[in-house]
Amino acid sequence: MKSNFKYIFGLVLLILGIAACEDNDKNPLNVFELEDSAAPYVRIVLDETIVAKGDLASSSLSGTVDDASDNVASWELSVTLESGGVSTDTISLTTITQFPSDISIPYTDIASALGITVDDISGGDFIRFLGKSTGVDGTVTTAENYSSTVTGQPEQLQAFNFIVLVKCSPISGTTVPGTWVIEMQDLFGDGWDGAFVTFEIDGVATDYTFTGGDAATFNVDVPDGSELVISYTSGAFEEEHVYTIETPDGEVLGPFGPNPSPCIN
């Protein structure tokens with residue numbers, strides 16, 4: 001009986017030991033638990049996480065960067081552009097050595113660092129930012145050090161891997177109130193293969209598409225005083241997709257396609 005008890009007690013200790021090792025493996029660094037070994041985590045609070053394509057030329061990535069445990073020597077920020085599932089090379093943008101610090105980097109400068117202009121950035125693209133912090137003791141922390149069990153404030157993860165979404169700009173310079181007409185065409189005759197046009201009216205988005213045949217028409221009622229954003233999301237066989245949009249006053253926008261762009265303005 002005693003032998004069985006020793007065996008069971010030993011087995012429990014072994015299981016607890018394995019669990020502890022697994023927790024350590026999942027969360028190798030801590031933020032606040034041990035004062036003398038807190039990892040050099042950095043947090044960032046952004047002013048905006050969405051920017052309209054038409055505002056890129058006059059807007060900046062802005063926010064405040066701070067370190068949680070007052071043990072960060074520097075924080076390096078890099079950037080990559082994700083467009084259509086393809087990412088550019090990751091380029092270094094800036095290094096912060098004083099905390100807290102306010103940052104303001106024009107998107108024109110960000111585009112220039114990537115070797116492009118803001119005109120090359122489309123609605124639906126993601127500008128991804130990656131951070132790397134170096135502690136006063138030389139410890140380096142990146143997003144790879146994180147796990148689902150990491151402790152600390154939500155903003156800390158943002159400082160190591162966060163995105164700004166580029167969205168299409170609101171429609172301007174044309175009549176908005178009334179009935180808008182979407183005329184869709186598929187050059188092969190089998191529907192839009194997963195693609196769709198989105199009308200976002202005062203922040204409420206509705207998608208329009210068709211799954212068979214060579215054409216489809218949709219009427220969209222836009223109330224007076226509304227903000228309207230129109231965008232296109234690609235599917236398969238983009239070379240087959242063409243559409244036009246008629247405004248309430250009879251102006252025809254387009255044709256857009258084959259291979260339509262994400263934004264019409």
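Structure above, values below:
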| read-out | value |
| --- | --- |
| Flag if T211 is open to solvent by 30 Å² or more (accessible area, probe 1.4 Å), within 23 Å of V166 (Cα to Cα) and hydroxyl-bearing (S, T, Y) | no |
| Set K132, K53: member being at pLDDT 90 or above and within 30 Å of C168 (Cβ to Cβ) | K53 |
| Failed condition for V220, given (1) open to solvent by 20 Å² or more (accessible area, probe 1.4 Å); (2) outside any loop (DSSP other than H, G, I, E, B); (3) of a type in the set (A, V, I, L, M, F, W, C) | (1) |
| Segment 39-62, residues that are buried (at least 19 other Cβ atoms within 10 Å of the Cβ) and more than 16 Å from the chain's Cα centre (by Cα) | A39, P40, Y41, V42, R43 |
| Residues of segment 111-125 classified as under 26 Å from F199 (Cβ atoms) and surrounded by 15 or more Cβ atoms within 10 Å (Cβ to Cβ), total | 6 |
| Residue match in segment 91-103 (condition: touching a residue at least 60 places away in the same chain (Cβ under 8 Å), of a type outside the set (F, W, Y) and either surrounded by 15 or more Cβ atoms within 10 Å (Cβ to Cβ) or not assigned by the TED database to the domain that holds F160 (or both)) | no |
| Criterion: of a type outside the set (D, E) and either open to solvent by less than 30 Å² (accessible area, probe 1.4 Å) or assigned to a loop (DSSP other than H, G, I, E, B) (or both) - qualifying residue of T179, T206, T198 | T198 |
| Residue count for segment 236-256, restricted to those that are part of a loop (DSSP other than H, G, I, E, B) and open to solvent by less than 30 Å² (accessible area, probe 1.4 Å) | 1 |
| Where S172 falls short, out of the listed (1) among the small types (G, A, S); (2) open to solvent by 60 Å² or more (accessible area, probe 1.4 Å); (3) more than 26 Å from the chain's Cα centre (by Cα) | (3) |
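The values are calculated or read from the model by the stated rules, or taken from the named source; none is laboratory data. Everything numeric here is computed off the predicted structure, so don't read it as measured data. FYI the Cβ positions are ideal-geometry reconstructions off the backbone, even for glycines, and counts take in every protein chain you see. Ligands, DNA and RNA are stripped out before the accessible areas are found, and what is left, the full protein with its side chains, is counted by its heavy atoms. Shrake-Rupley method; radii C 1.70, N 1.55, O 1.52, S 1.80 Å.
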